[in-house]
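Here is the structure we will look at, set down as structure tokens.
The values are calculated or read from the model by the stated rules, or taken from the named source; none is laboratory data. Here the structure is a predicted model, which means the values were calculated and not measured. Cβ: placed from backbone, ideal geometry, glycine included. Neighbour counts: every protein chain shown. Surface accessibility is based on the protein's heavy atoms, side chains included, excluding ligands, DNA and RNA. Shrake-Rupley method; radii C 1.70, N 1.55, O 1.52, S 1.80 Å.
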Amino acid sequence: MEADTREKAEVERSYSIGDLAAAFDITPRSIRFYEDEGLLSPERAGLTRIYSHRDRARLALICRGKRLGFSLAEIREFLDLYDREHGQVGQMSFFLGRARARRAALETQLVDVQQTIEDLKGIEDEIVTFLKREGALPEG
């Protein structure tokens with residue numbers, strides 16, 4: 001019973017823009033931008049925005065999506081799926097496909113970056129060898 005009361009209190013809790021900005025280490029301007037993009041829809045009390053538990057959860061997903069490199073359009077599509085008939089099942093199925101594609105792209109980039117690092121090490125070794133041979137770089 002006590003857990004139910006705590007859960008209900010958390011769901012009913014509201015947040016200010018400053019609360020959310022501090023919690024997610026982003027600026028209030030970013031939160032307003034997400035609101036302008038239709039990703040968040042806080043209630044209003046005059047000029048004050050009042051964010052719900054749902055808004056906080058959506059912001060957590062937005063921030064995570066951005067960290068993972070997803071576009072706002074992809075994040076919007078993901079969030080919109082949650083509001084549809086099959087809720088989390090549709091949302092998770094969609095995200096699985098996008099996550100796999102994103103991971104594959106990052107793995108390709110990683111191989112490219114590793115190759116570039118190896119190329120740069122080779123160039124650096126050649127330059128060091130040349131400079132040492134010319135006496136322009138002390139041995140060691």
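Report, in order of residue number, the helices in the chain meeting two criteria: a C-alpha extent of 27 Å or more along the helix axis, and a mean Kyte-Doolittle hydropathy of at least -1.0; treat each whole DSSP H run as one helix.
Flagged H segments are 87-133.
Helix-only estimate, please: 222 nm mean residue ellipticity of the chain, summing -39500 (n - 2.57) across DSSP H runs of length 4 or more and dividing by its residues, to the nearest 500.
Here the helix-only value at 222 nm equals -24500 deg cm²/dmol.
Tell me the carbon and sulfur percent of the accessible area for the chain, rounded to whole percent, probe radius 1.4 Å.
54 percent
Under a GNM of the chain (C-alpha, springs under 10 Å), which listed residue has the highest mean-square fluctuation: THR108, THR27, THR116?
Comparing THR108, THR27, THR116 in the GNM, the peak value goes to THR116.
At 1.4 Å probe size, put LEU40, LEU72, LEU131 in order of accessible surface, largest to smallest.
Sorted by accessible area, descending: LEU131, LEU72, LEU40.
Work out the length of the dipole vector of the chain about its Cα centre, built from +1 on the beta-carbon of each Lys and Arg and -1 on the beta-carbon of each Asp and Glu, and round it to the nearest 20 debye.
440 debye
Out of the trypsin sites (Lys or Arg not before Pro) in the range 50-133, which ones are loop residues according to DSSP with at most 11 other C-beta atoms within 10 Å?
Answer by residue number: ARG84.
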